[in-house]
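To start, the structure under review is shown below, and the notes come after it.
The values are calculated or read from the model by the stated rules, or taken from the named source; none is laboratory data. On a predicted model such as this, the values are computed, not experimentally measured, just so you know. Don't worry about glycine lacking a Cβ; one is built from the backbone with ideal geometry, like all the others, and counts go over all protein chains shown. Ligands, DNA and RNA are excluded from the accessible area calculation, which covers all protein heavy atoms including side chains. Shrake-Rupley method; radii C 1.70, N 1.55, O 1.52, S 1.80 Å.
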Amino acid sequence: MTPRPSTFSVVARDPEQDAVGVAVQSKFVSVGSVVPFVSADAGAIATQSFANVAYGPDGLDLLREGRSAEEVVAQLTDADDEAPSRQVGVVGADGSVAAFTGDDCFDVAGDIQGEHYTVQGNILENEATLDAMAEAFETTDGGLPERLLAALHAGNDAGGDKRGEQSAAMYIAKPEGGYDGGNDRWVDVRVDDHDRPIDELERVFKLYDITLLERESPAETRSLSGETAEAVLETLSELGFYDGTPSDEFDDEAAEALESFRGMNNFENHSRSVLEDAIARGWDDADGDSTGELDGEARLTEAIWRGLSRLDRK
């Protein structure tokens, strides 16, 4: 029997960033290699449930030709004898939204559409999974990555995939959004096999965000001082970047240690002063996450991400 990703996904558009994307989780290895198809000049497509991967490139071509999402879904499924077992969600770069859940998809299966998004899933624990995804996408603050991740978390918490968890992916495109502006691959992160793939996807995305995505420059920056400075220096010392005695003063030697940490972790997208500001703002809130207490490099990275989050992405 052909493997089927028992899957839930969200396909969406952010008109302010001119971005389109897909986030998906499944009890299926490497779901990111099967479900999401995204192009900034066309739109985003999730193909799942005995997935017909031709829906991806064919659907994007139809969107480029000026077809609406509704027309794309109709044309793809009308031409497919196995459509009753398929599921697909489409959001066009033009803002059109549509989805299809075949009558032969395994329960619980369905889809919900809203402004700029569609959520869909099959072999779900319950219908509440889709309701929770839609509500989270609509109500979460932040950019498209945060809203897509929130939808995955909410769906999983509400019931999720009846068979469990294994892999997750998030793929977002925007014009010139890729590395050095060379393509439209703005966000492309995957977790192919993990006990908690959505949590791991979020962790990997935060590293990706700090390393590859640009933020607006802050109007003002804070310096590290007091108990936060001492705690950061203790961490940098444990990681081998700082040889002095940690204190509540973040002096030139401390700044050099942070600069070494910045270089080692490829965080050159942000100046040392911006990283120091981010850590100062984010340290207290980075003391743990859903998987437990953070320490060392993980806490520094989380603090940087939290501190940078006040700045809009470019």
Carbon/sulfur fraction of accessible area - the chain, other protein chains in place, 1.4 Å, %
40
List the lysines whose Cα sits under 26 Å from the Cα of K206, skipping any in the same chain fewer than 8 residues away.
K27, K174, K314
State the Cα centre-to-centre distance between the range 156-202 and the range 34-94 in whole Å.
19
Longest principal axis of the chain (C-alpha) makes with the long axis of helix 197-212 (C-alpha) an angle, in degrees to the nearest 10, of 60
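Taking only DSSP H segments of four or more residues, each worth -39500 (n - 2.57), what value at 222 nm results for the chain once the sum is divided by all its residues, to the nearest 500 deg cm²/dmol?
Working: 9 runs with 113 residues, N = 314.
Calculated at 222 nm, the ellipticity per residue is -11500 deg cm²/dmol.
Kindly identify the range 76-147 as rounded, prolate or oblate by the Cα gyration tensor criterion: order the square roots of the eigenvalues as a ≥ b ≥ c, call it rounded if a/c is under 1.5, otherwise compare a/b with b/c, prolate if a/b is larger, else oblate. Each step should come with its number before you reach the end.
Details: a/c = 3.23, a/b = 1.39, b/c = 2.32.
Cα axes put the range 76-147 in the oblate bin.
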Roughly how tilted is helix 55-64, in degrees to the nearest 10 and between 0 and 90, from the longest Cα axis of the chain?
90
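Given that compact globular proteins tend to follow 2.2 N^0.38 Å, what is the ratio of the alpha-carbon Rg of the range 30-98 to that value? Could you put the intermediate results ahead of the total?
Details: Rg = 10.8 Å, N = 69, 2.2 N^0.38 = 11.0 Å.
Rounded to two decimals, the normalised Rg is 0.98.
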Which whole-number value in Å² is the accessible area per residue of the range 1-157, probe 1.4 Å?
38
Among (1) 77, 52, 28; (2) 70, 37, 31; (3) 92, 48, 30, the value of Cα extents along the principal axes in Å computed for this structure carries the label (2)
Centroid-to-centroid separation of the range 254-276 and the range 292-314 [C-alpha atoms, Å]
13
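Nearest 0.05, what FRET efficiency do T221 and D285 give at R0 = 25 Å with Cβ-Cβ as r?
Details: r = 18 Å, r/R0 = 0.71.
The calculated FRET efficiency here is 0.90.
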Multiply the residue separation of D251 and R310 by 0.36 nm, subtract the distance between their alpha-carbon atoms, and state the gained length in nm to one decimal.
18.7 nm
Measure off 7 Å from each Cα along the Cα-to-Cβ vector at E115 and D80, then give the distance between these two points in nanometres to one decimal.
3.0
Each residue of the range 25-35 in turn: what ³J(HN,Hα) in whole Hz from Karplus with 6.51, -1.76, 1.60 and θ = phi - 60°, glycine and Pro shown as x?
9, 7, 7, 6, 5, 6, 4, x, 8, 10, 8
Qualifying aspartates and glutamates (Cα of each under 13 Å from Cα of K162; at least 8 residues distant if same chain)
D107, E125, E127
